[in-house]
Ligand SMILES: [Zn+2]
């Protein structure tokens, strides 16, 4: 797939906010930028050789997608999704991604070839023990699949969900090895290549469940801390942000 890889910052002088966003996303996918890390406007502007206005635009776009958190008088920070946020992300992925996998079966042969190459790169990175590359590639596989499905809305959605998943993995992974389990991407691609949308969707559903199992998303005391409104009895217990309606919430 076309990775969100960009030229060196120096080569981007005067350009739009898009390369800045792409580079921040890439750093999140590679888990080099961590949840809660401060993104100082001046410093980012200096590194990219752009004005602070351009940096502000990039950060505002990322904030819209929930990847950056802007705090009044304190600046911008890499988002630190709560366990509930992480559950919502995985619920959404469990609904959307099987559909994407099924749709990718109807894509052109060139799209399947790209997915194969992508899986081959994952295997190389795994064999070479290049962990940062592997986690980035396994995340990008899901975006590549959305591209293979030929729907730009899916691509944007998956980019956002994947970035939030990377942050959630950093915060809540049970072990060192949290990433997509080996072989599962290859199995999905094989089903797509065979034109078997039903199997591709089923394998993806199982895959997302495995990703979720790797995360410790139960609230530490077994229940969620009430928000202020709920604590004051001003709203029902359900989060206003809404999940994917899968009923997997534990409360
Ligand atoms: Zn995966």
### Query
What pairs come up if the first residue lies in the range 47-69 and is in contact (Cβ under 8 Å) with a residue 60 or more places away in the chain, the second is surrounded by fewer than 21 Cβ atoms within 10 Å (Cβ to Cβ), and their beta carbons are under 6 Å apart, counting only those six or more places apart or on different chains?
65/160
### Query
So which residues in the range 100-145 are more than 21 Å from residue 34 (Cβ to Cβ) and part of a loop (DSSP other than H, G, I, E, B), if there are any at all?
105, 106, 107, 108, 129
### Query
Does any residue of the range 172-184 turn out to be within 16 Å of the ligand (Cβ to nearest atom), at pLDDT 95 or above and either under 23 Å from the mean Cα position of the chain (by Cα) or assigned to a helix (DSSP H, G or I) (or both)?
yes
### Query
Based on what the data block shows, is residue 137 under 14 Å from the mean Cα position of the chain (by Cα) and more than 16 Å from the ligand (Cβ to nearest atom)?
no
### Task
Name every residue in the range 35-50 that is more than 20 Å from residue 158 (Cβ to Cβ) and touching a helix residue (DSSP H, G or I) at 6+ places or on another chain (Cβ under 6 Å), in order of residue number.
41, 44, 45, 47, 48
### Query
Out of all the residues in the range 15-53, which are surrounded by fewer than 21 Cβ atoms within 10 Å (Cβ to Cβ) and over 30 Å from residue 131 (Cβ atoms)?
15, 16, 41, 42, 45, 49, 51, 52, 53
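The values are calculated or read from the model by the stated rules, or taken from the named source; none is laboratory data. The structure displayed is predicted, hence computed values, not measured ones. We place every Cβ from the backbone using ideal geometry, glycine too, and count neighbours over all the protein chains shown.
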